[in-house]
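Read-outs throughout are calculated quantities, based only on the coordinates presented, and are distinct from any laboratory measurement. Owing to the predicted nature of the structure, the values given are computational and were not obtained by experimental measurement. Cβ atoms come from the backbone with ideal geometry, glycine included; neighbour counts cover every protein chain shown.
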């Protein structure tokens with residue numbers, strides 16, 4: 001009898017240990033903004049306005065507001081294909097739904113965008129916000145893309161891993177001002193197709209991209225001024241054609257923007273009528289050691305989670 005009781009107690013302990021974390025989202029009066037708080041972070045997810053997404057994100061360990069307060073993170077900016085811009089979610093009508101630890105924004109079909117888009121934000125880890133973007137196409141689209149920026153305080157500095165030729169390990173790089181690509185947006189593509197898609201005319205008259213070395217991991221992170229913590233953005237490389245960043249410059253006159261930012265070009269593939277495609281991304285907070293080793297470990301764990309689903 002005692003053996004059975006001990007076994008049951010052990011099984012219960014294991015179940016409690018493996019139980020998924022979920023942070024409650026607290027809605028405002030009209031359910032347009034949802035606040036959350038965990039041991040590591042506090043923030044707000046907003047469903048209305050141009051800058052929907054994560055509109056406030058505080059690292060409680062460093063007491064730093066990480067985002068540029070004018071904008072947001074995990075913000076859907078443009079819906080694009082080879083034929084051009086089909087929609088701007090910031091300006092499109094939408095509805096929303098929410099549960100205990102998640103909120104979803106739904107953009108219905110429009111005259112210019114034949115399909116629906118759903119962005120589901122979920123706080124299911126004490127140090128991370130997960131996002132699933134699901135597109136249901138109602139017509140054929142060539143090289144469909146959801147362009148998603150995240151805007152950070154100008155003091156934050158972007159880093160990412162870039163491939164080298166041969167069998168050499170990737171380089172960890174902080175993109176910085178260079179006259180060769182000044183005033184353009186440095187793009188680090190997944191592959192040759194990822195380098196070509198942003199140059200097919202969809203961005204004409206908006207911004208010029210400068211394709212560069214390929215990313216080694218679909219991972220970029222913003223390092224705080226003390227170099228002790230970071231905000232880490234990651235996605236599945238199968239869903240991300242490229243990562244673009246605002247290069248760093250000590251002099252404001254040489255900066256491309258008055259904020260720091262990186263963007264993911266998500267989906268990045270042909271969609272057929274009736275096809276549904278989901279892209280997964282995560283924004284996480286972490287401490288940093290001298291080698292900045294933690295972001296890559298978080299990314300590897302993120303990919304393993306995806307394989308189990």
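Overview of results
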read-out	value
Net lengthening on full extension, residue 21/residue 106 (0.36 nm per residue, minus Cα-Cα)	28.1 nm
Calculated P(r) tail over 18 Å for region 59-185, as whole % of Cα pairs	68 percent
Length added when fully stretched, residue 278-residue 191, from 0.36 nm per residue minus Cα-Cα	29.3 nm
FRET efficiency estimate (nearest 0.05) - Cβ-Cβ, residue 63 to residue 139, R0 45 angstrom	0.40
Three principal axis lengths of the chain [C-alpha, angstrom, descending]	74, 48, 43
Crossing angle, helix 294-308 versus the chain [Cα axis fit, 0-90 degrees, rounded to tens]	70 degrees
C-alpha center-to-center spacing [region 53-110, region 174-207] in angstrom	22 Å
Net length gained if the chain between residue 91 and residue 30 were fully extended (0.36 nm per residue, minus Cα distance)	20.0 nm
Exposure proxy order (Cβ contacts within 10 Å, fewest to most) of 282, 214, 50	50, 214, 282
Candidates 157, 213, 190, ranked by Gaussian network fluctuation over the chain, Cα under 10 Å, top entry	213
Nearest-ten-degree value, helix 2-18 long axis tilted from longest Cα axis of the chain	20 degrees
Gaussian network model of the chain, Cα within-10 Å springs - most flexible of 200, 263, 250	250
